[in-house]
Every structure is written in C-alpha cells, then in structure tokens.
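Visitor: Sharing a structure with you now.
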Amino acid sequence: MPPLSKEDLLIIVRNYYDSSSKFLYTQETSPATKRLHALWTQRLENMGSWNAFLDELESKLPTFIIGDTFSTSDGGPRCLVYPPKESRSPTANWVVVGCISLLAPVYTVYGVECDYTDGGLRNEKASFAQPPPNMALPAQIVARMIETTFGFSAVSREVAETPVPLFVGGREPSEAMLFHALFTSDPSIIP
C-alpha cells in the first residue's frame, strides 16, 4: 500500500476533530469526538500487539527504561525510551518518543529534551531535531520496530507540520497541525 498523501491525511483527521467551537463549551460530545473515542475503545480492548511491541522493544534496549502513555483525546499511543538512569544528567537529557496513529497507518519518532531534578522530569520540551548520539540508536530501533510490527509509514516533518483548521486537544485551529491530530496535541507532556 503506498503511503498516504497529505491530502488523504487531512481528509481522515477531519472525521475525528471538530472544525467549529459548537461543542467546545457544552456537555454534549460531538460526533467527531465520539468517533475518536470509539477508536480508543477498540484499541484499549485489544492491547496485545501494543504490549508485545513494548516487550520486544524492552528486549532490544535492555539498559534503557521503556514506557508508554496515551490519552483518549490524542490520535494514538506513544512509547517512551528514557536514557539509562546511570547516564542521566541534571540537564540536557533526551527521551525518544515513538507515536503510532489510530487514525491512519502512520507513525513518527521525536524527542523530549528535559532535565532530571528532584527525582523527576523538569523543563520538558519537544524536539524534532536529530537525536543526540547516545539516543540515535534507540530512535532508529523504535522506528524500525513500528514499521515491522504495525506496517506503518513514517510521516515527514513537512507533512506533519501541515496546518489543520480543527480543534485538536487544547489547540485552536490557528495552531493545530497534522502532527497534533494524528499523534498528540501536547508532545512535550510525558510521564
């Protein structure tokens, strides 16, 4: 199957996010949000392939800390690869984040730059630059495993940065991009 075009992806995300603020301040759930929640319900009922993916990732990166996170307001689950505890510094750490979309057979890998202080993450900031040398291999492994496990194609940065006139998570149409709709509206937030 050829990769989906930017236009294809725009058509898809319009089915799962609202273009008007009609439902923004009401208790009523919009039809688009209901469709997104239905996809999440299906995913949460069948986590076998995702859990197997995480287990295999853990076996390929035994010294790294592997985790995941997802929110039903996002476009898909995210896996996280934290640097080994002994290699963390108080500043300038990079966490690999691999996202698959529930909306389309696409994925992306990016990073979260952060500090480690007082036993937790601080000053988290999404990074779409190349990973630092110590996290380049984990980023490559995550990408390769998503492709082989799920059969998904990578979304280019250019396509991911395409504006979408939709309300995505807490983002207004003026600031929402395909990345936010397909993966997560707040890429900096990780556990």
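The values are calculated or read from the model by the stated rules, or taken from the named source; none is laboratory data. Everything numeric in this text was worked out from a predicted model, so none of it was measured. Glycine gets a Cβ as well: all are built from the backbone with ideal geometry, and neighbour counts include every protein chain shown.
Visitor: Restricting the search to segment 138-152, which residues are among the hydrophobic types (A, V, I, L, M, F, W, C) and either in contact with a Leu (Cβ under 8 Å, 6 or more places away or on another chain) or farther than 20 Å from ILE65 by Cα (or both)?
Guide: Of everything in segment 138-152, those that are among the hydrophobic types (A, V, I, L, M, F, W, C) and either in contact with a Leu (Cβ under 8 Å, 6 or more places away or on another chain) or farther than 20 Å from ILE65 by Cα (or both) turn out to be ILE141, VAL142, MET145, PHE150, PHE152.
Conditions (1) under 28 Å from ILE141 (Cα atoms); (2) assigned to a helix (DSSP H, G or I); (3) among the polar types (S, T, N, Q), marked per residue:
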{"site": "GLU7", "(1), (2), (3)": "no, yes, no"}
{"site": "SER21", "(1), (2), (3)": "no, no, yes"}
{"site": "TYR25", "(1), (2), (3)": "no, no, no"}
{"site": "THR29", "(1), (2), (3)": "no, no, yes"}
{"site": "LEU36", "(1), (2), (3)": "no, yes, no"}
{"site": "GLN42", "(1), (2), (3)": "yes, yes, yes"}
{"site": "PHE53", "(1), (2), (3)": "yes, yes, no"}
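Visitor: Quick check on my filter: what residues within segment 21-31 are polar (S, T, N, Q) and in contact (Cβ under 8 Å) with a residue 60 or more places away in the chain?
Guide: SER21
Visitor: Need a quick list: helices (runs of 4 or more DSSP H) entirely within segment 77-191 having at least 3 residues that are modelled with pLDDT under 95.
Guide: none
Residue by residue, here is whether (1) within 23 Å of PHE150 (Cβ to Cβ); (2) of a type outside the set (Lys, Arg); (3) surrounded by 13 or more Cβ atoms within 10 Å (Cβ to Cβ) holds:
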residue: LEU9; (1), (2), (3): yes, yes, yes
residue: ILE12; (1), (2), (3): yes, yes, yes
residue: ASP18; (1), (2), (3): no, yes, yes
residue: THR26; (1), (2), (3): no, yes, no
residue: THR29; (1), (2), (3): no, yes, no
residue: TRP40; (1), (2), (3): yes, yes, yes
residue: GLU45; (1), (2), (3): yes, yes, no
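Visitor: Evaluate segment 91-105: report whether one residue or more is out of contact with any helix residue (DSSP H, G or I) (no Cβ under 9 Å at 6 or more places or on another chain) and on the phi < 0 side of the Ramachandran plot.
Guide: Scanning segment 91-105 turns up at least one residue that is out of contact with any helix residue (DSSP H, G or I) (no Cβ under 9 Å at 6 or more places or on another chain) and on the phi < 0 side of the Ramachandran plot.
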